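See below for the structure under consideration.
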């Protein structure tokens, strides 16, 4: 009986705190519909190609040609060497991927969201050049996943706030 009362109290308190699921309503929700209406503009470079593909996958871009928004992304992909040995050769690298993204309303050309996202990863430099290049590529793919998730989360929050304001 105490457990039931405690559970009822917890459920009552959660309902009063104002929390609600971001994607309530599933694929038919206003947030999902807004995310599908975002067209991702081309992003130059290999990291741009990876980022655009990941964003299109996550947004569920409809491809119908009637996008309400355009997402412009500018990437900054850097690799910095550090951890010097006695012969001045680097032993580690840090790959940093930063994205500045702007959500543009295509009806009037206004930027409705301007934000940044980013992440970094450490890479060990080993004696095999192939292994080091493979590690750098894997780091780029992982960083692209992380940054794409950050961008989509920010877009979803924007979509939720604008849907609530309507």
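Determine whether the stretch 53-69 contains at least one residue that is within 19 Å of residue 138 (Cβ to Cβ), free of Cβ contacts under 8 Å to residues at least 24 places away in the same chain and surrounded by 14 or more Cβ atoms within 10 Å (Cβ to Cβ). For the stretch 53-69, residues within 19 Å of residue 138 (Cβ to Cβ), free of Cβ contacts under 8 Å to residues at least 24 places away in the same chain and surrounded by 14 or more Cβ atoms within 10 Å (Cβ to Cβ): present.
Residue 6 fulfils the conditions (1) modelled with pLDDT of 75 or more; (2) within 28 Å of residue 132 (Cα to Cα) except for a single criterion, (2). In the stretch 126-154, the residues that are more than 26 Å from residue 83 (Cα to Cα) form no Cβ pair under 6 Å with any partner that is surrounded by fewer than 13 Cβ atoms within 10 Å (Cβ to Cβ), whether six or more places apart or across chains.
The values are calculated or read from the model by the stated rules, or taken from the named source; none is laboratory data. Note that the coordinates shown come from a computational prediction; the quantities given were computed from them, not determined experimentally. Positions of Cβ are generated from backbone atoms using ideal geometry, with glycine treated the same way; all protein chains shown enter the neighbour counts.
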